Amino acid sequence: MIKLLIVDDHPIVLAGTKKLFDDVKDMDIRTVSDSKIVMSIIEQQEFDIYLLDINMPNLSGIDLIKLIKKRQPNARIILYTGYDIRDYYSLVIEKNINGILSKTASKEEILYTIRLAMHNRLTMRSDFLDFIKSVFISKKDYKVELTEKEKQILKFLVDGYPNKAIASELDVTQRTVERYLTQLFTVLKVTSRIGAVELAKEQDLI
């Protein structure tokens, strides 16, 4: 029996995702809408697979990866999102996870990804190979080209703005800011604010 924990802050999406597994007999499903209580649940019961929404308030799916793996190093984690999964390909490498799914993925695709993850195998779309190739371009030969929006976000980082302040300046939610930053880090091929700021200064990006 595969023990699966699904975490998503949207109750309708959560219920819909769980319903996909109604006729799957070898999976024991539990759902959680509040990411803050995930760790307390894991203290009582560990799961084989964690299907985590990337963008959630309080603790995002990305935040949960570190916490879950600290307690359960061999945890198999799959992220899923309503946005373009290509924006998050870097997380597969950086966070050592077992895959990323779109919330529009078919039942067959979701089940296939979960079953492969149980065998510590990774399944990704073919365009993931293009991302891998780009990772191996040396920094010396790679010149970053940013959109005006990306330059604006990068300047906020250089100036030391926290997410809340950036959200206020752009008149968007903090969740949207988190998505902007994830996309920016992917473009810059960095994993943190510090890395983004260092590259901005090195290549005079703003």
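The values are calculated or read from the model by the stated rules, or taken from the named source; none is laboratory data. Predicted model, so just to flag it, every value in this text is computed and none were measured. Neighbour counts run over all protein chains shown; Cβ positions are idealised from the backbone, glycine included.
Kindly evaluate Val13 against the criterion of being aliphatic (A, V, I, L, M) and surrounded by 20 or more Cβ atoms within 10 Å (Cβ to Cβ). Taking the combined requirement at face value, the residue does not satisfy it.
Considering region 68-85 alone, what residues qualify as being surrounded by 15 or more Cβ atoms within 10 Å (Cβ to Cβ) and in a helix (DSSP H, G or I)? Ile68, Lys69, Ile85, listed by residue number. Scoring Asp26 on the criteria (1) touching a strand residue (DSSP E or B) at 6+ places or on another chain (Cβ under 8 Å); (2) of a type outside the set (Ser, Thr, Tyr); (3) closer than 27 Å to Ser126 by Cβ leaves a single failure, condition (3).
Residues that are under 21 Å from Ile29 (Cβ atoms) and part of a helix (DSSP H, G or I) within region 50-66 comprise Gly61, Leu64, Ile65, listed in sequence order.
Residues considered: Lys95, Lys155. Of these, the only one that is touching a residue at least 24 places away in the same chain (Cβ under 8 Å), not β-branched (Val, Ile, Thr) and not assigned by TED's automatic domain parsing to the domain that holds Ile12 is Lys155.
Condition check ((1) buried (at least 21 other Cβ atoms within 10 Å of the Cβ); (2) of a type outside the set (Asp, Glu); (3) farther than 30 Å from Tyr180 by Cα) across all residues:
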position: Leu4; (1), (2), (3): yes, yes, no
position: Asp8; (1), (2), (3): yes, no, no
position: Lys18; (1), (2), (3): no, yes, no
position: Asp28; (1), (2), (3): no, no, yes
position: Ile37; (1), (2), (3): no, yes, no
position: Ser40; (1), (2), (3): no, yes, no
position: Met56; (1), (2), (3): yes, yes, no
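So which residues in region 121-172 are hydroxyl-bearing (Ser, Thr, Tyr), at pLDDT 85 or above and in contact with a helix residue (DSSP H, G or I) (Cβ under 8 Å, 6 or more places away or on another chain), if there are any at all? I'd like the intermediate steps shown before the answer.
Start the filter on region 121-172 by keeping residues that are hydroxyl-bearing (Ser, Thr, Tyr), which leaves 123, 126, 134, 138, 142, 147, 161, 168.
Add one more test, that the residue is at pLDDT 85 or above, and what stays is 147, 161, 168.
Matches in region 121-172: Tyr161 only.
May I ask you to verify whether Ile85 is under 12 Å from the mean Cα position of the chain (by Cα), closer than 19 Å to Met118 by Cα and modelled with pLDDT under 95? It is false that Ile85 is under 12 Å from the mean Cα position of the chain (by Cα), closer than 19 Å to Met118 by Cα and modelled with pLDDT under 95. Considering region 176-206 alone, what residues qualify as being in contact (Cβ under 8 Å) with a residue 60 or more places away in the chain, within 15 Å of Asp87 (Cα to Cα) and part of a helix (DSSP H, G or I)? Listed by number, the residues that qualify are Glu178, Arg179, Thr182, Gln183, Phe185, Thr186.
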